[in-house]
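Participant: The structure is given below, and queries will be raised subsequently.
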């Protein structure tokens, strides 16, 4: 993985010193809250319902064992013993005191982490495919490009005060495992007929109150021109994006109001006028950064493992877990393992300090010291020998990290909701918990197969409900929580926005309604048809009927 | 009637203005303010940014039950998260 050079290290240390001073001035009242708020937000510090919240960036989701241990230490020392992984592959601490923030940032800097650009109207943490460098279908490892974008965008003076926040995702394969088209800019690595690397570039995706799927701006931006093209695009946004209305300030509104053709014309005109030589990637830079992401020293193995096959035969729980939580690896004899942060009845994305420490140990024992945070709020050990999967399974299971539900009905994405968030209108976690209990039968989940169920506690859609196969949106009616169900969203390469099926349900009615919808799918599906395929074939109506059927 | 609430600057903890004009962590000790005193109390709180962040008034009825729209939010602020690792065990 990438390691800080002297510039990264200095920049992070200088920012901590600056923010420490700003906190001191706030505490002795030399800064008012109005003056201080934008400064703390630039450093990832929010004020939520009960306490401050610190959002720590996990660049493109990549973590090493030392970093996991530092997160565990922070959770234990400065929080209530846990952290919460988000849909942007960040981690949030819900209870830090403002006075402790400098010490927390020091602990993060020790392991080359920070909370810079996790808030504010700047380019946020760049996300990617959690199976980067693992999946056999990728044309290019997206991580070096995500890192290059991180370096380019960090403290970028021209793009630090955009009309609104700006999120970029990079993928390296045609299959989208990073919800790329829900981002302000999405990049898909592609190769032209000569084999040269470039990016298919999408813009104007986003969720929130006006969701859009990103549209293609260019089918091929040559890799060397990527930063000139991004500069042109951000300049167009910076110039024309609305600053008068926070609800209309994201680039998705600009793209939608100009239309994609006009937007593309503007970007191309800006691109043509740029002094590109100064923005092109220096010769050898992509290779230099790419070297940090070289494959680990894999053993040469056969693609089958006797130890694995024996365990499959002897241990039905292990066999069951492998079906959902082991993902294919391009290296023979290896697999990527999903560490489930979705225990039955648990809080999606929460990990305790001891779980974080354990994942660090297991990463060292089984996965070359590497782990990843994925946008579905799970962790991944990317490079596990099939031989060693049975041992890993037992260690994870003991710590409650081996729920066999990756990609299944129990793998619910949920924002923190009104239990923590000052923007939320309704609680998300209790609904996720009730649903997870209701759908907990592993055989039922296996029968239903892949389905994405996501819950947001307000229209800002941090829980990605718009792009769920089954989405749940919490709303407030006169102090009572209701939940609208959406159907037909998708965050993959067939991205779509779900539609609301009808009037909101009471919180305790959500889980039974979704269970009925899943049963309706089992009745309606043809052979080999996944939930979303059946839904797309037959339409919402039969599912709507099931959702509103009186039990 | 109204009550006055804010977050504590140092750690963000939820506070209510009590009968004795002191800030308390306990919702039960929140003072009921009438229209005349509420605005003055809010103004005083806003003048004390060295202690408080984002003070605001909450509408309550006679038995100190928070009105409609804000009811759930204020209940969660008073009691802590209703779910998850930091839920208060009783």
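Participant: So, residue A:489, is that one under 28 Å from residue B:75 (Cα atoms), buried (at least 18 other Cβ atoms within 10 Å of the Cβ) and under 22 Å from the mean Cα position of the chain (by Cα) or not?
Facilitator: no
Participant: If a residue has to be more than 9 Å from chain B (Cβ to nearest Cβ), surrounded by 24 or more Cβ atoms within 10 Å (Cβ to Cβ) and either more than 19 Å from the chain's Cα centre (by Cα) or more than 23 Å from residue B:74 (Cβ to Cβ) (or both) to count, how many in the stretch A:405-431 make the cut?
Facilitator: Here the count works out to 8.
Participant: Going through A:463, A:407 one at a time, which residue ends up being at positive phi and touching a strand residue (DSSP E or B) at 6+ places or on another chain (Cβ under 9 Å)?
Facilitator: A:407
Participant: So which helices (runs of 4 or more DSSP H) are wholly in the stretch A:301-394 and hold at least 2 residues that are modelled with pLDDT of 95 or more and within 23 Å of residue B:85 (Cα to Cα)?
Facilitator: Here the list reads A:353-366.
Participant: Could you grab me the full set of residues in the stretch A:502-524 that are in a loop (DSSP other than H, G, I, E, B) and under 28 Å from the mean Cα position of the chain (by Cα)?
Facilitator: If the condition is that a residue be in a loop (DSSP other than H, G, I, E, B) and under 28 Å from the mean Cα position of the chain (by Cα), then A:504 is the only one that fits.
Participant: From the list A:97, A:75, pick out the single residue that is touching a helix residue (DSSP H, G or I) at 6+ places or on another chain (Cβ under 8 Å), surrounded by fewer than 22 Cβ atoms within 10 Å (Cβ to Cβ) and either within 21 Å of residue B:7 (Cβ to Cβ) or in contact (Cβ under 8 Å) with a residue 24 or more places away in the chain (or both).
Facilitator: Exactly one residue qualifies, and that residue is A:97.
Participant: Do the conditions hold for residue A:290, that is, is it under 30 Å from the mean Cα position of the chain (by Cα) and farther than 17 Å from residue A:366 by Cα?
Facilitator: Spelling it out, residue A:290 is indeed under 30 Å from the mean Cα position of the chain (by Cα) and farther than 17 Å from residue A:366 by Cα.
Participant: Looking only at the stretch A:416-464, count every residue that is farther than 17 Å from residue A:482 by Cα and in a helix (DSSP H, G or I) and tell me the total.
Facilitator: Qualifying residue count, the stretch A:416-464: 10.
Participant: Report, by residue number, each residue of the stretch B:7-21 that is over 18 Å from residue A:29 (Cα atoms) and touching a helix residue (DSSP H, G or I) at 6+ places or on another chain (Cβ under 9 Å).
Facilitator: Scanning the stretch B:7-21 gives B:14, B:16, B:17, B:18, B:19, B:20, B:21.
Participant: Looking only at helices (runs of 4 or more DSSP H) that fall completely inside the stretch A:1-114, which ones have 3 or more residues that are in contact with a strand residue (DSSP E or B) (Cβ under 9 Å, 6 or more places away or on another chain) and more than 10 Å from chain B (Cβ to nearest Cβ)? Steps first, please.
Facilitator: On the way: elements: A:6-27, A:33-41, A:65-78, A:101-110.
By residue number, A:65-78, A:101-110.
Participant: Could you tell me which of the residues A:66, A:37 is surrounded by fewer than 19 Cβ atoms within 10 Å (Cβ to Cβ) and out of contact with any helix residue (DSSP H, G or I) (no Cβ under 8 Å at 6 or more places or on another chain)?
Facilitator: Of A:66, A:37, the one residue that is surrounded by fewer than 19 Cβ atoms within 10 Å (Cβ to Cβ) and out of contact with any helix residue (DSSP H, G or I) (no Cβ under 8 Å at 6 or more places or on another chain) is A:37.
Participant: Does the stretch A:167-181 include one or more residues that are in a helix (DSSP H, G or I) and crowded, with 22+ Cβ neighbours inside 10 Å?
Facilitator: Filtering the stretch A:167-181 for residues in a helix (DSSP H, G or I) gives A:180-181.
Now drop any that are not crowded, with 22+ Cβ neighbours inside 10 Å, which leaves A:180-181.
Checked against the condition, which is being in a helix (DSSP H, G or I) and crowded, with 22+ Cβ neighbours inside 10 Å, the stretch A:167-181 yields at least one hit.
Participant: In this structure, is residue A:146 in contact with a strand residue (DSSP E or B) (Cβ under 6 Å, 6 or more places away or on another chain) and in contact (Cβ under 8 Å) with a residue 12 or more places away in the chain?
Facilitator: For residue A:146, the condition - in contact with a strand residue (DSSP E or B) (Cβ under 6 Å, 6 or more places away or on another chain) and in contact (Cβ under 8 Å) with a residue 12 or more places away in the chain - is met.
Participant: Pick out the one residue from A:476, A:527 that is at pLDDT below 95, over 18 Å from the mean Cα position of the chain (by Cα) and either assigned to a helix (DSSP H, G or I) or within 14 Å of another protein chain (Cβ to nearest Cβ) (or both).
Facilitator: A:476
Participant: From A:133, A:83, A:120, grab the single residue that is at pLDDT below 95 and touching a helix residue (DSSP H, G or I) at 6+ places or on another chain (Cβ under 9 Å). Spell out the reasoning first.
Facilitator: Values: A:133 fails: at pLDDT below 95; A:83 fails: at pLDDT below 95.
The conditions single out A:120.
The values are calculated or read from the model by the stated rules, or taken from the named source; none is laboratory data. Since we're looking at a predicted model, the values are computed, not measured. Positions of Cβ are backbone-derived with ideal geometry, glycine not excepted, and every protein chain shown enters the neighbour counts.
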